[in-house]
1. Condition first: in contact with a Phe, Trp or Tyr (Cβ under 7 Å, 6 or more places away or on another chain) and at pLDDT 60 or above. Now tell me which residues in segment 193-226 satisfy that.
2. Just one of the numbered conditions (1) of a type in the set (A, V, I, L, M, F, W, C); (2) open to solvent by 50 Å² or more (accessible area, probe 1.4 Å); (3) within 17 Å of the chain's Cα centre (by Cα) is not true of residue 158; which one?
3. May I ask you to say which residue of 54, 109, 88 is under 17 Å from the mean Cα position of the chain (by Cα) and surrounded by fewer than 16 Cβ atoms within 10 Å (Cβ to Cβ)?
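The values are calculated or read from the model by the stated rules, or taken from the named source; none is laboratory data. None of these values were measured; they are calculated from a predicted model. Because the Cβ atoms are built from the backbone with ideal geometry, glycine has one as well, and the counts that use them run over all protein chains shown. The accessibility values were calculated without ligands, DNA or RNA, using every heavy atom of the protein model including side chains. Shrake-Rupley method; radii C 1.70, N 1.55, O 1.52, S 1.80 Å.
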Amino acid sequence: MSDLMGGFLSNDSLFGRIMTRLGIIIAANILFVLCTVPVVTAGAGFAALHYTMLKTLRGDGDINPFKVFWRGLKENFKYGTIIWLILLALAVLLRLEWFWCGQFGGFFLRFRFGFLAIGAVALIIGLYLFPVMAAFNAPLKDLVKDSIFFALRKPLNLVVILFFSVFPMILTYTDPQFMPLYGFIWVVCGFSLVCLLTDTLLLKEFEPYLPMVNEYGEIITDGQKK
């Protein structure tokens, strides 16, 4: 009986692998939430979260989430912060323009369609840019080009990523009755699960351009991967 329980609870068992993966997801999610507290570090934290999920997916899931997340945060801090501040500034600007168009009314309401288009393009690039940044070492302009390339390459993946990235947020803010429950889920594992889904879809597109890795997700050949 003890041997049976020992085998069931071992790290090599199915249950052990599931619990290990769940622990990584929760730990990485909490670290990301902590990075959002200062606001300015949220972008770097988002890149680090993708970095951790990609490491988990490319290895066998047995990684130290604290060590990997910290490494991803340091390596992506500069670009992650720059992109985040640009997107944040753009979001504030578009929100203000939307408000003023509503105040003026009439002909100015037509500008809202342009603002929606700009916001949609910025959202798509942002959703792809952070995982691309976590996967590849390249200048910022090349990362932006790669993000657009991967976004347009598989439209179905784009639709799925957009849905699971946007709809849960909309549901959270439009359902006050269950908002505390949604907030709890976001704090514990929500962001990691969305990133895990995104990275699972994108990794199939990334892998032809990435070097081989060992069971810990670390590269074993020269290449672009961090």
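1. Hits for segment 193-226 are 194, 197, 202, 205.
2. (2)
3. On the way: 54 fails: surrounded by fewer than 16 Cβ atoms within 10 Å (Cβ to Cβ); 109 fails: under 17 Å from the mean Cα position of the chain (by Cα).
Unique residue meeting the criteria: 88.
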